[in-house]
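Report on the following structure.
All of the numbers you see were taken from the coordinates with simple rules; none came from a lab. None of the values given here were measured: they were computed from a predicted structure. Quick reminder, even Gly has a Cβ in these numbers, built from the backbone with ideal geometry, and neighbours come from all protein chains shown.
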Amino acid sequence: MPEEPDIELSFRGGRLVSALPIALFIAWAIFQSGILGIGDTTGLVAGMLTGLIVGLLFVRGDWKDYADVVFAGMTRRVAATAVVAWLWAGMFAETIQVGGFVDGLVWAATVLNVGPGLFPAVTFLLAALLATGIGTGYGTAIAFTSLVFPAGLLLGANPVLLFGAILSGAVFGDNLAPVSDTTIVSAVTQDADIGGVVASRVKYAVVAATLAIAAYLVAGFGIPGVWGGMPYVDVAGEVSASVSPWGLVHLLDIAVVIALAVRGRHIIEAVSWGLLLAAAFNVALGAANLVDVSVGSMLLFSAPQNGLTQAVEALPLLGAVVETVPAGQVGVGGSVYSGAAGFFPLIVLTLLLVAGAEVMRAGGGFDAIQELVIDRVATTVRRAETTMVVGTALVNATVTINTAAEIAIAPYVATLGKRFNINGYRRANILDANTSALGYIFPWGGGLLAGYGAMQGLVGGEATPWFTAEMLVNPASVFPYVFHGWFLVAVFLFAAWTGYGREYVSDRTSEEVSRV
Amino acid sequence: MSRLDKLLAGWTFRTATPTFEPGEVITAYVSERNGDGLTVRIGDSIIRVEDGRGAAVEDKIRLEVTSFDATNHVGTGEVVEVLGPDA
């Protein structure tokens, strides 16, 4: 973790005013997506920009310091990591999708007789498995929304419930995976070894996941009132009688990505290998006429018609990625292009949000909250643990990117926990579970936005021509259905109150921090 | 500790007021400093140490419990070793 810069800011009205940019953004997000029902990420970018400008007006002294803090936030490594993960995962997921993977899943679900009722519960389990393997909940949300979500819709599963199940699986993996960035942050900041942290959190994750599976089964098969109140889009008629199983070969390149990630390879390296393999499969499947895919599905330059472009189009090799079109349809396309482009608004939003969090740190907003909590609220071990759970949950409910929120709250959890000699494993578990859970529930949560970005990519996508803008799940409507996230928070509130899973420093000291 | 032991540790409901036996040596963080003395809270149980040997709040110490009243969850102890703050 890089050292925080030394710039401190002073705000008119006190330290809590430093939270103004983020507070304004949250109000904007609630107004835009919660009340008006507009799930436009670029609209949220405008909200965060407005917040940062309004915050500037309250700065005492040199406004240049405020600008420097904004820059310091945007150049944080955590922001760059999120950007890279989204670009690469976006390209990969889209490339698999044009390769017929959705059709393959529909074929498998039909053969295995997984109906619309069972589909959300199965999706939760598979998403949890993938996320635990690759350690990125955002990547899982993107991959499953691009690939499994349309398959579920074609089978007649409820879209809102299905999106909730995908996000739940992402929460599970983000929480439990040894290679997850939130897991690593939780272990490192609480002075505990990663293996011990993961082993000790199974007892909470399993309880919450069991409840979540039951909930998805009950909701999937439809209790009256739950099913009836959900928007339901019937596209089941779109399932072709003869969907091809061949897209399932892409399970191989997914396996390659997971295997490389688990071995500790960098996400750029792991996903690039998967992408190359997927592209090779697509070319082979297309050449063998097994799936309707070609090089042009992955990259296509649509050029205006003239002598030069027509000559290029006629060339061998290069001509495969060039077509000539009427002037109005000129552009670049294909899965590599649209997979990455789908995340541009979210990437800009992330950079601005991390800047907002940095302003709050430099202005003392985080410190003000800490002092209030430690001295007045956390007077017994139960109240201290409850405060750790609620505090972590609240910070993560407000800061979009959960790794950033976790880094911000981690020192408070350490100070509060050490005061009552709560074991490092327990502290890390409280920190990570509530970080993972809340990042995928609310409409401005990074995990939810990542999935939603992928869903927007389905509109008019080459592999999903039937998916229209009306079928998009409103990001503000999914929060009640992220069952695993809610159950995880509930399990920790229960554990704080009853002492379930509690360990003291004197019971067992955590081992040295080591990278696995 | 083996991986299996790590997996099976802590599947219990642990009390908010743990008890200790005189002579027991434990590791704990310092919760508060009062003059030369220290207060160590383990959950809601409190162990008081008269000679803190310079240990600061959030320092880890090795501590020998010298007495413990299980009814009021209060005891006394002596510093065996100051391990210092976490890395």
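In whole Å, how far is the Cα centre of segment A:461-486 from that of segment A:269-295?
Rounded to whole Å, the Cα centres lie 27 Å apart.
Can you give me the distance in nm between label points at residue A:56 and residue A:30, each placed 7 Å from the Cα along the Cα-to-Cβ direction?
In this crude spin-label approximation the distance works out to 2.7 nm.
Which of B:60, A:64 comes first, and how do the rest follow, when ranked by fewest Cβ neighbours within 10 Å? Walk me through the intermediate numbers first.
Details: B:60 21, A:64 10.
Least to most surrounded, the residues fall as A:64, B:60.
If amide H atoms are built 1.01 Å from N in the plane of the peptide, which residues on other chains or at least 5 residues away come under 5 Å of the amide H of residue B:83?
So residue B:83 has HN proximity to B:60, B:61, B:62.
Which value, in debye to the nearest 20, describes the size of the charge dipole of segment B:22-84 about its Cα centre when Lys and Arg Cβ atoms bear +1, Asp and Glu Cβ atoms bear -1, and nothing else is charged?
Numbers: 6 positive and 12 negative charges, 25 e Å.
Roughly 120 debye for segment B:22-84.
Measuring from label point to label point, each 7 Å out along Cα→Cβ, what is the residue A:280 to residue B:70 span in nm?
Going by the 7 Å Cα→Cβ label model, 6.8 nm.
Can you compute 3J(HN,Hα) from phi for each residue in segment A:71-77, using the Karplus curve 6.51 cos²θ - 1.76 cosθ + 1.60 with θ = phi - 60°, rounded to whole Hz and x for Gly and Pro?
For segment A:71-77, the Karplus curve yields 5, 4, x, 5, 9, 4, 4 Hz.
Taking the highest mean first, how do the peptides A:83-89, A:444-450 order by number of other beta carbon atoms within 10 angstrom per residue?
Numbers: A:83-89: 21.4, A:444-450: 29.4.
Put in order of decreasing packing, that is A:444-450, A:83-89.
What's the lysine pair count for the protein assembly as shown at a Cα cut-off below 28 Å, pairs eight or more apart or interchain? Intermediate results must be reported in sequence, preceding the final value.
Details: A:203/A:418; A:203/B:6; A:203/B:60; A:418/B:6; A:418/B:60; B:6/B:60.
The result is 6.
For a quick check: sort B:86, A:174 by the number of other beta carbons within 10 angstrom, fewest at the front. Please report the intermediate quantities before stating the final value.
Details: B:86 17, A:174 32.
Sorted ascending by nearby Cβ count, the order is B:86, A:174.
Relative to the longest principal Cα axis of chain A, at what angle does helix A:402-419 sit, 0 to 90 degrees, rounded to 10?
20 degrees
Which whole-Hz ³J(HN,Hα) couplings does segment B:10-27 yield from phi under the Karplus relation 6.51 cos²θ - 1.76 cosθ + 1.60, θ = phi - 60°, glycine and proline marked x?
For segment B:10-27, the Karplus curve yields x, 7, 9, 9, 8, 5, 6, 10, x, 10, 9, 9, x, x, 5, 10, 10, 9 Hz.
Would you mind computing, in nm to one decimal, how far apart the modelled labels at residue A:310 and residue A:16 are, each placed 7 Å from Cα along Cα→Cβ?
Between residue A:310 and residue A:16, the label points sit 7.1 nm apart.
Using a ≥ b ≥ c from the Cα gyration tensor of chain B (square roots of the eigenvalues), is it rounded, prolate or oblate, where a/c under 1.5 gives rounded and otherwise the larger of a/b and b/c decides, a/b for prolate? Walk me through the intermediate numbers first.
Details: a/c = 2.06, a/b = 1.35, b/c = 1.53.
It comes out oblate by the Cα gyration axes.
How big is the dipole moment of chain A about its Cα centre under a simple scheme where the beta carbon of each Lys and Arg is +1, that of each Asp and Glu is -1, and everything else is neutral? Debye, nearest 20, please.
Numbers: 21 positive and 34 negative charges, 245 e Å.
Its charge dipole is roughly 1180 debye.
Across peptide A:495-507, what mean number of C-beta atoms from other chains lies inside 10 Å of a residue's C-beta? All intermediate terms of the calculation are to be shown ahead of the outcome.
Working: counts 2, 0, 1, 3, 6, 5, 6, 8, 4, 10, 7, 15, 7.
Mean number of neighbouring Cβ atoms from other chains: 6.
Sorting A:358, B:58 on the 10 Å Cβ count, fewest up front, what's the list? Each step should come with its number before you reach the end.
Numbers: A:358 28, B:58 15.
Fewest-to-most Cβ neighbours within 10 Å comes out as B:58, A:358.
What does the structure give for A:124-131 when I average, per residue, the other chain Cβ atoms found within 10 Å of the residue Cβ?
Counting other chains' Cβ atoms within 10 Å and averaging over A:124-131 gives 0.
Convert each backbone phi in segment A:330-344 into a coupling constant with the Karplus relation 6.51 cos²θ - 1.76 cosθ + 1.60 (shift: θ = phi - 60°), then list the ³J(HN,Hα) values in order as whole Hz, x for Gly and Pro.
So the Karplus estimates, Gly and Pro as x, are 5, x, 10, x, x, 5, 5, 6, 6, x, 6, 4, x, 9, 4 Hz.
Relative contact order of chain A: what whole-number percent is it, with Cα pairs under 8 angstrom and at least 6 residues apart?
It rounds to 25 percent for chain A.
How many Cβ atoms of partner chains, on average, are near each residue of B:37-43 if near means within 10 Å of its Cβ? Display every interim value, and only then the final one.
On the way: counts 0, 0, 1, 3, 9, 8, 12.
The mean count of partner-chain Cβ atoms within 10 Å per residue comes to 5.
On a 0 to 90 degree scale, rounded to 10, what angle separates helix A:483-498 from the longest Cα axis of chain A?
Around 20 degrees separate the two axes.
Give the separation of the Cα centroids, segment B:1-55 to segment A:84-135, in Å.
A separation of 47 Å, based on Cα centres.
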